[in-house]
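Colleague: Quick one: this structure, given as structure tokens, is what I'll be asking you about.
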Amino acid sequence: MPFARLLNGILRLMNGLQHVVQYLQFYHLPLQFTASLFILMNNQTRKQSLQLQKLSAFKFWLMTAIIFCFTTANAQLKLDDKNGFNKFTLGSTLKEVKKIATLKKVKVNNVPKDIVYFDVTPLNEYQIFEYGLRDLQLIFYKDELLQIDVYLETSKKAGFISIDVGMRIAKEYGDWIDMTLGPKEHAENLLSKSRIVSEKVTLLRTVYGYVTSRNQFEFKGDRYSFVSNPIYNKMKSMEGNGL
């Protein structure tokens, strides 16, 4: 490599300088002059070596940053390519989804009239990795699939499952970005909330936990929400314009 060859050349130069000093000493040149010359040449060599080290370190960190950015972008492209969960694709119409799954309409209070909730049944047909679900809910806005909420089942291993699934999704789609929790979310027993954002999809991870009547802390199955960015932005743009 170029750096290795340059470093080898510097070492050879130092060896050559030592021979020059020995030559000067042999011919009885003043000791102070000889020492000063050697120190000067040695300092120059050290400066060159230090510059080489700095350049090498800079190139190393630059390459690391480029690889990191490329890996993150590639992972987020996977999230866009999938554009949903399991066989459900964000942006699909209600009619299209009903052809591939059994839906049960859910009544939810205090939501806009254009938003409709459905539960998917039966749940035993769906899972995240090898883990079962306690609920799978689809949210439509004006007949388009806006959001897919996937709830992991609650069990004694819910804490372990939460960590395992979170890490495996991050490996697939990119690192989670932590979000700040408000008082309302703390009141709902949320432990943490994070997200992965790509161009078309936002993936939200919500971790729940609570204290039992026996004062024991337990996890509740996490929720993973796949949200269509284009439909969400369209919905937000319609708010307050009277339409």
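Every number here is computed from the coordinates shown, using simple stated rules; none is lab data. As the structure is a computational prediction, the values presented were derived from the model and not from experiment. Glycine also receives a Cβ, built like all others from the backbone with ideal geometry; neighbour counts cover every protein chain displayed.
Colleague: Under 5 Å between amide H atoms, partner at least 5 residues away or on a different chain: which partners does LEU133 have, H built in plane at 1.01 Å?
Modeller: GLU153
Colleague: How much net charge surrounds GLN127 when only other residues with a Cβ under 12 Å from its Cβ are counted (Lys, Arg +1; Asp, Glu -1)?
Modeller: On the way: positive: ARG134; negative: GLU125, GLU130, GLU153.
Local charge sum for GLN127: -2.
Colleague: Can you pull out the trypsin sites (Lys or Arg not before Pro) in the stretch 87-172 whose DSSP state is coil and whose Cβ has at most 11 other Cβ atoms within 10 Å?
Modeller: LYS87, LYS99, LYS107, LYS113, LYS156
Colleague: Sticking with this one: Listing TYR126, TYR208 from the residue with the fewest other Cβ atoms within 10 Å to the one with the most, what is the order?
Modeller: Working: TYR126 17, TYR208 20.
Lowest to highest Cβ neighbour count: TYR126, TYR208.
Colleague: Here are some pairs, LYS193/LYS234; LYS104/LYS220; LYS200/LYS234; LYS99/LYS200; LYS99/LYS193; LYS171/LYS234; which of them have Cα atoms lying more than 22 Å apart in this structure? List each step's numbers first, then the result.
Modeller: Working: LYS193/LYS234 24 Å; LYS104/LYS220 24 Å; LYS200/LYS234 13 Å; LYS99/LYS200 24 Å; LYS99/LYS193 33 Å; LYS171/LYS234 30 Å.
Checking Cα-Cα distances, LYS193/LYS234; LYS104/LYS220; LYS99/LYS200; LYS99/LYS193; LYS171/LYS234 exceed 22 Å.
Colleague: A follow-up question, please. Cα to Cα, under 18 Å, and not fewer than 8 places away if on the same chain: which aspartates and glutamates meet these conditions relative to LYS156?
Modeller: GLU130, ASP135, ASP164, GLU218, ASP222
Colleague: Could you pull out which residues in the stretch 187-208 have an amide N less than 17 Å from a spot 7 Å beyond the Cα of GLU218, following the Cα-Cβ vector?
Modeller: The answer is 189-191, 208, whose backbone nitrogens lie closer than 17 Å to the label point.
Colleague: Enumerate the calculated ³J(HN,Hα) couplings along the stretch 155-168 in order (Karplus 6.51 cos²θ - 1.76 cosθ + 1.60, θ = phi - 60°), each rounded to whole Hz, writing x wherever the residue is Gly or Pro.
Modeller: These are the phi-based 3J(HN,Hα) values: 7, 5, 9, 4, x, 5, 4, 4, 5, 4, 5, x, 5, 6 Hz.
Colleague: Using the crude model of +1 on Lys and Arg Cβ and -1 on Asp and Glu Cβ, and no other charge, please compute the dipole size for the stretch 84-238 relative to its Cα centre, in debye to 20.
Modeller: Working: 24 positive and 19 negative charges, 78 e Å.
Dipole about the Cα centre, nearest 20: 380 debye.
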